[in-house]
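Read through the structure below, which is laid out as structure tokens, and then see the notes.
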Amino acid sequence: MTVPREHTDPMRRLFRGLEDDNASTRLRAALAAGTTPDPRWVDKLVERSAVEPEFHVRDMLTWALTRHSPSRTVPKLVEEVRSDRAQARSQALHTLSKIGDRRAWPVITRAVLTDPDDEVARSAWRAAVVLVPAGEEPALAGVLATQLGRGGMPTQLSLGRALVALGEVIVPVLHAAAADPDPRVRRHAIATERLLRDPDAGFEYAIEEAKRIVALGTSGEKG
């Protein structure tokens, strides 16, 4: 009996698995793609990342891509950062942050860092602090500071963590933002500096303290 080729061709089996209706099947296919890396898998893994609805499957797709050569994955992911689809941009940036290849840095533009979609922006911030070349940290801090006060607690925490990861170079931009007319910006700036000085304090606590300081009309600095 002749066995249909689709049952013997690993690429076809893998691709069918990645598109299966069952999330567990898609997860296993992504795991297989990372366990036995093959350049032929890359385009499909990136394509699937843009549409995969399950977080744990997307995470496995990212892992699978990190198992492949950056020379193959990075150019494809850079293309995805320019996609019209928000999930494609977000997942590409997330995966680039995990790969950590600084050849991707040029795609981290101001437009990307200020993307109107919060999930895309959060992924961009995380990628930026991983990929930023030495000496570019102050300029990056300046762009990130324009996003202070944005969004809810998860978004503000992501930005705070990204800024803190840059270290002391963020202090001048935080001091400037602490005088911003917008109280949300001031609170976020003060809380981020608190987080820089005391990483164990917790961001929610820092925000509450910042709210008190802003309400009192003080900088919170002891003179």
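The values are calculated or read from the model by the stated rules, or taken from the named source; none is laboratory data. On a predicted model such as this, the values are computed, not experimentally measured, just so you know. Note: ideal-geometry Cβ built from the backbone for every residue, glycine included; neighbour counts use all protein chains shown.
Give ARG28, ARG72, ARG48 a once-over and let me know the one that is closer than 22 Å to ALA128 by Cα, at pLDDT 95 or above and part of a helix (DSSP H, G or I). Walk me through it before giving the result.
Values: ARG28 fails: closer than 22 Å to ALA128 by Cα; ARG48 fails: closer than 22 Å to ALA128 by Cα.
Step by step, each of ARG28, ARG72, ARG48 is checked, and only ARG72 is closer than 22 Å to ALA128 by Cα, at pLDDT 95 or above and part of a helix (DSSP H, G or I).
Is it true that HIS188 is more than 18 Å from HIS94 (Cβ to Cβ), outside the structural domain of ILE99 (by TED's automatic domain parsing), touching a residue at least 40 places away in the same chain (Cβ under 8 Å) and part of a helix (DSSP H, G or I)? Break it down stepwise before answering.
Working: more than 18 Å from HIS94 (Cβ to Cβ): yes; outside the structural domain of ILE99 (by TED's automatic domain parsing): yes; touching a residue at least 40 places away in the same chain (Cβ under 8 Å): yes; part of a helix (DSSP H, G or I): yes.
Judged against the criteria, HIS188 is a match.
Quickly run through region 175-192 and pick out the residues that are crowded, with 20+ Cβ neighbours inside 10 Å and under 17 Å from SER158 (Cβ atoms).
Of all residues in region 175-192, those crowded, with 20+ Cβ neighbours inside 10 Å come to 177-178, 185-192.
ALA177, VAL185, ARG187, HIS188, ALA189, ALA191, THR192, listed by residue number.
What number goes with the only condition from (1) aromatic (Phe, Trp, Tyr); (2) closer than 29 Å to VAL112 by Cβ; (3) crowded, with 16+ Cβ neighbours inside 10 Å that PHE15 does not pass?
Here PHE15 meets the rest and fails (2).
So how many residues does region 151-174 have that are more than 28 Å from ASP101 (Cα to Cα) and either modelled with pLDDT under 95 or in contact with a Lys or Arg (Cβ under 9 Å, 6 or more places away or on another chain) (or both)? Steps first, please.
Start the filter on region 151-174 by keeping residues that are more than 28 Å from ASP101 (Cα to Cα), which leaves 151-153, 172, 174.
Checking the rest, the ones that are also either modelled with pLDDT under 95 or in contact with a Lys or Arg (Cβ under 9 Å, 6 or more places away or on another chain) (or both) come to 151-153.
Residues flagged as more than 28 Å from ASP101 (Cα to Cα) and either modelled with pLDDT under 95 or in contact with a Lys or Arg (Cβ under 9 Å, 6 or more places away or on another chain) (or both) within region 151-174 amount to 3.
Do the conditions hold for PRO116, that is, is it surrounded by fewer than 17 Cβ atoms within 10 Å (Cβ to Cβ), under 24 Å from ASP180 (Cα atoms) and not assigned by TED's automatic domain parsing to the domain that holds TRP63? Don't jump to the end; show me each part of the working.
Details: surrounded by fewer than 17 Cβ atoms within 10 Å (Cβ to Cβ): yes; under 24 Å from ASP180 (Cα atoms): yes; not assigned by TED's automatic domain parsing to the domain that holds TRP63: no.
In short, no.
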